[in-house]
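Below is one structure, written out as structure tokens; comments come after it.
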């Protein structure tokens, strides 16, 4: 056995202590972060079951009596049926366009070497650096000139344009990780370029596509400002605007409980999507890193 | 079934010439192996034939048809990739049927062909599995099966065995040879492993730095290598080389390496007369260097004094790593040999089996 210095055990002890400390620090950080995420959510959910006075008198407590009436009020005042339908139409339409266009653009940029490939890639990616609000005013005028204001299209087109950069950026790097031989094998097998894309590359990218879709869905589902400035027709408004309705309808006597209930109603689909695809989602996020 | 012709084919990637004026005629039903060190251009040549790379110059023919501008799917070829390239999301059956479905072959016919190929390869019970549920050897079979069902004119193999372990590789080697017998189709096979080339090919094309070095039957390549590269590449352990000069002494022709000199038998001296005084490289294969105690009768043996550096017992033979002055070389001797490490000894060069190359051009002198 090799001779150890007398300081060996002290050294070992110090190392162990350092390891324990860093484990403890990591745990602490995770707990704090979890609190930051979970607490506001729980607070919203609790508040949605309280009466307005209760919210102000006992903001942190658990509701005395669970006010399910809040949800009924929210649903009717928010005009939830119509708004959910609108939100679904807009989200589905946007997602279809974003993912359809995004995957094709990303595939071509990832796989085909042509003049201008880099240019187009950076062109799309630079879109991520433009703050959305900055573009709203000119975009609004553009939509007005095109006669799109107060239509589903104004939302769908705008959301597509805004989410394409991120989508292309993510999917391009995802497609790059897929082995080239698969495409070549398919080409030798007799597949056209579109068949290769449709039958081989897309099914293989399922987890990546799903991840990006969920992110896009969250963004589109919750989007507020653009709907606010382009849609004035009650029949076309989406859920986030509906929540505002609760506040506006009552003017100075806002039904806070109902409003929180409205928020929870908006949150439910987001939750559902996340829980449904959670395992796929984490797989999609790590797949690029670990290959 | 078809012949394949490379006619003055060049493939350049920028300034790099990957395939340099390749001329090969592969006969119908032939099993041609392209062999060479990694990066020599053999895979590029195969990919050009498959249509996965465009050639820079020249012509490639399949049968009588020039296929330079024909897309891969219309070349009537099937290819087995080094990584197998099985579609991970499809079952074994669907992997094999993929190409046929795209070609709109009737369902019944697809089923018949897939089952037949699966029977040939012994993978009938794997048809419902996904590629990730298969072992390396099974994946390999599926990759071959996917090629078979297409019933192509030409089969292309790109180092299909290099991801398998040694034992499986030997078994699959025999199976691919059998498959060639059975299908009676043109096979073009790329490998860096000269043993694979020697055991399977009807003819071998040795390629180095994009240039075809020699195209011949395995036995001819082994017995009559055209140049130093082929001589060193084909055969394991590799041929021993000794730089030296040709010298005339008392009417006899000698190879003088500086450390030892061996006499060339008069019956074989004639081609070398013109090279007397010039720099040459003398080559002799390990099996033509014998322990003097076990020298076969009736050979022209020349004795050389050596020191034994390392011995490797193989059971049926012994590899001796020998030193003579500046030269180190290998002998493949009788297992009864008593030579041991560190020993000074004499070995016998079989002067009926040697090669001499011009040191400047590296071409064989014959």
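Structure above, values below:
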item	result
Residue in region A:104-117 that is under 14 Å from residue A:161 (Cβ atoms), surrounded by 10 or more Cβ atoms within 10 Å (Cβ to Cβ) and either at pLDDT 90 or above or touching a helix residue (DSSP H, G or I) at 6+ places or on another chain (Cβ under 6 Å) (or both) present	yes
Tally, over region B:213-229, of residues that are assigned to a helix (DSSP H, G or I) and more than 13 Å from residue B:356 (Cα to Cα)	5
Test: residue in region B:96-117 that is more than 11 Å from chain A (Cβ to nearest Cβ) and either at pLDDT below 90 or within 23 Å of residue A:207 (Cα to Cα) (or both)	no
Among the residues listed as A:210, A:178, the single one being within 22 Å of residue A:277 (Cα to Cα), assigned by TED's automatic domain parsing to the domain that holds residue A:266, modelled with pLDDT under 90 and not in a loop (DSSP other than H, G, I, E, B)	A:210
Selection count where residues are farther than 17 Å from residue A:51 by Cβ, buried (at least 23 other Cβ atoms within 10 Å of the Cβ) and over 21 Å from the mean Cα position of the chain (by Cα), scope region A:62-95	1
Some residue of region A:147-166 being touching a residue at least 60 places away in the same chain (Cβ under 8 Å), away from every other protein chain (no Cβ under 14 Å), farther than 27 Å from residue A:89 by Cβ and assigned to a helix (DSSP H, G or I)	no
Residues (surrounded by 14 or more Cβ atoms within 10 Å (Cβ to Cβ) and either at positive phi or in a strand (DSSP E or B) (or both)) located in region B:273-295	B:280, B:281, B:282, B:283, B:284, B:289, B:290, B:291
Residue in region B:174-189 that is outside any helix (DSSP H, G or I), surrounded by fewer than 22 Cβ atoms within 10 Å (Cβ to Cβ), away from chain A (no Cβ under 13 Å) and at negative phi present	yes
Helices (runs of 4 or more DSSP H) (entirely within region B:86-150) containing at least 2 residues that are loosely packed, with under 15 Cβ neighbours inside 10 Å	B:107-121
Of all residues making up region B:86-95, the number that are more than 8 Å from chain A (Cβ to nearest Cβ) and over 24 Å from residue B:169 (Cβ atoms)	4
Qualifying positions in region A:28-48 - more than 26 Å from residue A:237 (Cβ to Cβ) and in contact (Cβ under 8 Å) with a residue 12 or more places away in the chain	A:43, A:46
Condition check for residue A:179: surrounded by 13 or more Cβ atoms within 10 Å (Cβ to Cβ), over 29 Å from residue A:270 (Cα atoms) and without any contact (Cβ under 8 Å) to a residue 12 or more places away in the chain	yes
Positions within region B:28-85 being free of Cβ contacts under 8 Å to residues at least 60 places away in the same chain, more than 14 Å from every other protein chain (Cβ to nearest Cβ) and not in a loop (DSSP other than H, G, I, E, B), in sequence order	B:57, B:58, B:59, B:60, B:61, B:65, B:66
Any strands (runs of 3 or more DSSP E) falling wholly within region B:299-366 and containing at least 1 residues that are at pLDDT 90 or above and more than 24 Å from the chain's Cα centre (by Cα)	B:301-313, B:318-324, B:327-333, B:344-350
Flag for residue A:199 being more than 19 Å from the chain's Cα centre (by Cα), surrounded by 17 or more Cβ atoms within 10 Å (Cβ to Cβ) and assigned by TED's automatic domain parsing to the domain that holds residue A:117	yes
Hey, residue A:191 part of a helix (DSSP H, G or I) and either at pLDDT below 90 or more than 27 Å from the chain's Cα centre (by Cα) (or both) or not	no
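The values are calculated or read from the model by the stated rules, or taken from the named source; none is laboratory data. The structure displayed is predicted, hence computed values, not measured ones. Cβ: placed from backbone, ideal geometry, glycine included. Neighbour counts: every protein chain shown.
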